[in-house]
Each structure stands twice: as structure tokens, then as C-alpha cells.
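Novice: This structure is in C-alpha cells; I'll ask about it shortly.
The values are calculated or read from the model by the stated rules, or taken from the named source; none is laboratory data. Since this is a predicted model, take the numbers as computed values, not measurements. Quick reminder, even Gly has a Cβ in these numbers, built from the backbone with ideal geometry, and neighbours come from all protein chains shown.
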């Protein structure tokens, strides 16, 4: 018998909003989510939900079913960003320079209430569900930290979602295909020889070489990557010099490369190396490229996503379930999908009049329409429950 998780979640809407705002006020940087996890554990303790605590900043709620079965997972990230919040909301961040500007406070809250919904209906479920409250998603390899503890080694499937500001509240997107790009961080060090600003001919100008690299690197995508292959290369940081009359002898550039194909990734990195070397030599400088892989692409499993789509129809209605276009954001949920079939969805958070939830992720005035939270919690619970029942049916 199907459970009406949406009605149950909506009956808790006031509590859900209160919980989300509590987390919003106390954001913590990646790898430092200790107080956040204390609040998570206090909620679980209050409701009699068991959990594992393999680290101070990792909590895994464990929800056994009535009978042994498969192991389903739900991932919720917990870290915040080094952003000074400018929303002016009465519940805005109380931690200076930190903000939940990517909606992870909402993810935590939806995970907790999905846990509560599943806990209340454990007697009818033939599957254990683990809800993983993961640290350091924002480039800190938190998923690998969770996997290294062994707390998620036994998953047969995993679900996740991300709040999505370009999608109206009441809608969800999911697709059986690649949905998020692989992410690499790169650092370029340019070395020349500094000198007096009045005599540039006596210097080897690292700033000029770096400036040329910013423009030349754009040709990697436009001239070396096939037009139908998604690829983004962005230089996002450039530091050189510290005085108005000294030509700098060193420069540092940082940026990101986003791709869906390993072949395209390798080609782009090879071409970047060639462009960097040639451009530096043209300016009589030397340059090195260091690449820091952040995460691979998220590849939704087709069968699991079809089950999750049916769960979404139950919660949202067929007219509100949409196909998900691939996004070049990165998320280390990909590490979990490398070990078990996964489904990662986008949850609409923009209010109907676009007055709330329409600013981009990581913006210092980012917020969300809190009407989305019961929907997200209900879908996570419904997807895990339906997975258990579908597996039980196929095993009869």
C-alpha cells in the first residue's frame, strides 16, 4: 500500500520551515560542520531515529525496515560557503562571512524530515535506508571522506537532489542520463623576472603573459573541442604584482574545467598545456599547470531514475515532473554513483512571481521558496520506499 508522504510532509510544514531557518542561521565551512551535525543528531535523538557518527562532521541516519532487504541511500550535503549574507532576513546567518548560499540548509532539512517520514512507516518497508549527511561538498571531497569511513559501502542505490533557482516551486526535474559535469580546478604559475615599471624591456613581464593566457585559453574550447561536446573553461582568479611601479615577475591564475566526457577532458587538458607553454615562451616566461580533480560527472542510472520518476509523479503530479537538462555544475554525489546506481534530481525553489528563489546559487542574497521543502522531503521518502517495494516485487 502506497504511503501518502506528501500529505504527511505538508502537515509538518511549519516545523520544516522552523528547522531550515535554524540551520540557515548557523552555517559552517566545509570540513568544519561539527555544530551542524550536533543539531542533526539532536533531531534524530528527539525522534528516536538511530544513526552512525563515523566523524564529528558526518552523520548517517539508519532506518531499518520491518524485514531485511536492499540498502537504499539518500545524500544530503551540509557545508556552507564563505559568503557574507546580504538578504536582510530575520533569520539570516549569525556567523560572519559564512552563508548557506547553495541551499544546503534546505537539503539537511529535507533529509531529516524524509528520515522522520520513513521512520514513521518502517513497519511496512522491506528495505533499510541510510540518510547520509555529508560534509565538504563544495570542492572538499566530502563524499570520499564518507566512503572512506565505510558508512556507505553497502548501498544498493542512492538518491539525491539539489534546490534549483531557475525552476518554479512545485516542479522537479530528473533524467536517465548525465546530469552534472566533471569538475577540475586548475592552477597556472607564471614565472618571469620583475623590474622597474619604467624599463619593461629589462624585465620579463609575468603579468602580460598571464593576461595573454586568459584570452588564449578561450580558444581551447572554441577551436579544439567539438561543437556538440559540452565543455566549459573559465579563468576565475588572476593575481600578479603589488605595486604600481614594479613589473611583477610572477603571476598566478586559477580556474575550472567542466566536461561530461573523459575523452573531451583529456583533450582539453592536453591543449591547455600546449597553449600555456607556447604563450609563456612568447613572453619569455615559464609556466606550469597543476590540475586538481574535484569530482567526476553524475551519471543517473536509467532504471533507478525511472523508478524515481514514478515516485515524483506520485508526489508532484505528472504535469510537474520534467526532463532534466545537463548542467555544468559539479557535485561529488558522483562519487556515490561510482559505487552504486544513483538518481540526482533538481527541485524547483522559485516562487510563482519570481520574487523569491530566483537568484543564482552562491549569490549573497540567495534564498528559496520554503514551500518546496515538504515536497522535497516527501519525494526523498517516496523514492526510497518505492525502491524497496519494487525490489521486493521483483524478488518474489
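Novice: Any chance the stretch 369-391 includes a residue that's crowded, with 24+ Cβ neighbours inside 10 Å, assigned to a loop (DSSP other than H, G, I, E, B) and touching a helix residue (DSSP H, G or I) at 6+ places or on another chain (Cβ under 7 Å)?
Specialist: no
Novice: What is the one condition in (1) in contact (Cβ under 8 Å) with a residue 40 or more places away in the chain; (2) outside the structural domain of residue 360 (by TED's automatic domain parsing) that residue 199 does not satisfy?
Specialist: (1)
Novice: If you go through the stretch 204-215 one residue at a time, do you hit one that is modelled with pLDDT of 95 or more and under 30 Å from residue 383 (Cβ atoms)?
Specialist: No, that holds for no residue.
Novice: Can you name every residue in the stretch 45-60 that is under 23 Å from the mean Cα position of the chain (by Cα) and touching a residue at least 24 places away in the same chain (Cβ under 8 Å)?
Specialist: Within the stretch 45-60, 52, 54, 55, 57, 58, 59, 60 qualify.
Novice: Turning to a different aspect of this structure: Do we have residue 101 as in a helix (DSSP H, G or I) and either farther than 18 Å from residue 160 by Cα or assigned by TED's automatic domain parsing to the domain that holds residue 59 (or both) here?
Specialist: It is false that residue 101 is in a helix (DSSP H, G or I) and either farther than 18 Å from residue 160 by Cα or assigned by TED's automatic domain parsing to the domain that holds residue 59 (or both).
Novice: Quick one: what pairs do we get from the stretch 268-295, first residue in contact (Cβ under 8 Å) with a residue 60 or more places away in the chain, second in a strand (DSSP E or B) and loosely packed, with under 15 Cβ neighbours inside 10 Å, C-beta under 6 Å, 6+ apart or different chains?
Specialist: 290/187
Novice: So for the stretch 251-261 (the condition being assigned by TED's automatic domain parsing to the domain that holds residue 231, touching a strand residue (DSSP E or B) at 6+ places or on another chain (Cβ under 8 Å), free of Cβ contacts under 8 Å to residues at least 24 places away in the same chain and closer than 20 Å to residue 222 by Cα), does at least one residue qualify?
Specialist: No, the conditions are met nowhere in the stretch 251-261.
Novice: Going by what's in this entry, would residue 148 be described as out of contact with any strand residue (DSSP E or B) (no Cβ under 8 Å at 6 or more places or on another chain), part of a helix (DSSP H, G or I) and buried (at least 18 other Cβ atoms within 10 Å of the Cβ)?
Specialist: Taking the combined requirement at face value, the residue does not satisfy it.
Novice: On to the next question. Suppose we filter the stretch 280-316 for residues that are within 25 Å of residue 224 (Cα to Cα), over 22 Å from the mean Cα position of the chain (by Cα) and surrounded by 20 or more Cβ atoms within 10 Å (Cβ to Cβ); how many remain?
Specialist: 4
Novice: In the stretch 118-136, what count of residues is obtained for those that are assigned to a helix (DSSP H, G or I) and surrounded by fewer than 24 Cβ atoms within 10 Å (Cβ to Cβ)?
Specialist: Number of matching residues: 5.
Novice: I want to confirm something. Restricting to the stretch 1-14 and keeping residues that are assigned to a helix (DSSP H, G or I) and in contact (Cβ under 8 Å) with a residue 24 or more places away in the chain, which single residue is nearest to residue 315 (Cα to Cα)?
Specialist: 6
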